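To keep things clear, I will list the structure first and then write my remarks on it.
The values are calculated or read from the model by the stated rules, or taken from the named source; none is laboratory data. Note that the structure is a prediction, hence the values are computed from the model and not measured. Here Cβ is always computed from backbone atoms with ideal geometry, including for glycine, and neighbour counts include all displayed protein chains. Side chains included, ligands, DNA and RNA excluded: accessible areas come from the protein's heavy atoms. Shrake-Rupley method; radii C 1.70, N 1.55, O 1.52, S 1.80 Å.
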Amino acid sequence: MRAILLLCLLQASLAVPSFNWETSNSTAGPVNPNEVCSIDKGSCNCCVMLQEVNRLKTHFDEKLSELEQEYVQTVQSLNIIEAGRVAVSVAMLDTDHFMCFGKFSFDKIIPYKHIFINLGDGYSTETGIFTVPRSGVYSLAVTVYSDAGAPGNPLAACASLQVNNQVVAGSKEKNTRDQEDSATIVVARQLNAGDEVAVKLPRGCFLCDDGNHYNSFSIFLLYPTEPLA
């Protein structure tokens, strides 16, 4: 295409007559393009080709501008989606040594110290509380484990999943028959921004753990119920 255009321009530059497409050299008014093309077809063909090239360039520039705008909008949408992701998974102990948490004479929030993921920064290892950053439907899961130490010793593996200090679900296993036991709680729950979710250890209960992370607490946003501000 470029080679053909150069040949046309060369032919036009070597042609003897020189035409002005807007006005003529006389006072007769504008030159008739049809008349010029009948006299110098080379110049006419090149002019038509240049017009077509300019038209295509304009069309290309317009489409490129549209694609650039769509790209910017897509990046912004992806950033909004990424900013709204929420995923938390933590374990009770941040050590490989076997340790137990409890017993206490009162209900106590379990401060999970080992963080697998805290996407959205909603969980605090200091308080053990997850503060909901975005309203939506969440999956909440708690796994508890305890070891009485020897057969016949009293076992008390308990936990209470709470939202704003209200019990959502719980698990309680107290006996002297089992040396160790575990349980898992999984619920789906509508939560609002600012709600506080925590796991409490009921009074008189105790949980044990080591580097295997038997006791865990996980929260995942399944889908939002309001747009991200």
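Put simply, the C-alpha atoms of the stretch 127-229 give a gyration tensor, and the ellipsoid matching it has half-axes of 31, 12, 10 Å, longest first. Listed by chain and number, the aspartates and glutamates placed with their C-alpha closer than 12 angstrom to that of K200 are D107; residues fewer than eight positions away on the same chain are left out.
Amide H to amide H, with H built 1.01 Å from N, D181 comes under 5 Å of S146, counting only residues 5 or more places away or on other chains.
Karplus-derived 3J(HN,Hα) values for the stretch 149-156, using 6.51 cos²θ - 1.76 cosθ + 1.60 with θ = phi - 60°, are x, 6, x, x, 6, x, 10, 9 Hz; glycine and proline are entered as x.
Close amide H pairs (under 5 Å, H built 1.01 Å from N) link V168 with L161, Q162, V163, residues at least 5 positions away or on another chain. Just add up the charged neighbours of S146: K/R +1, D/E -1, any other residue whose Cβ is under 12 Å from the Cβ of S146. Counting the neighbours of S146, the net charge comes to -3. Amide H contacts for Y112 (H built 1.01 Å from N in the peptide plane; partners 5 or more residues away or on another chain; cut-off under 5 Å): none found. Modelled spin-label separation between T125 and Q76, with each label point placed 7 Å from Cα along the Cα-to-Cβ direction: 3.8 nm. Remark: the stretch 84-95, residue by residue, has Karplus-estimated 3J(HN,Hα) of x, 6, 9, 8, 9, 8, 9, 10, 5, 10, 10, 8 Hz, where x stands for each Gly or Pro and the curve is 6.51 cos²θ - 1.76 cosθ + 1.60 at θ = phi - 60°. Working ranking of peptides 139-147, 120-128 by packing, defined as the average number of other Cβ atoms within 10 Å per residue, highest first, is 139-147, 120-128.
Phi angles across the stretch 59-71 convert, under the Karplus curve 6.51 cos²θ - 1.76 cosθ + 1.60 with θ = phi - 60°, into 3J(HN,Hα) values of 5, 5, 4, 5, 5, 5, 5, 4, 5, 5, 5, 5, 5 Hz, Gly and Pro given as x. Accessible surface area normalised per residue over the stretch 46-168 is 58 Å², counting heavy atoms of protein chains with a 1.4 Å rolling probe.
With the convex hull of its Cα atoms as the shape, the stretch 93-155 has an orientation-averaged projected area of 6.2 nm².
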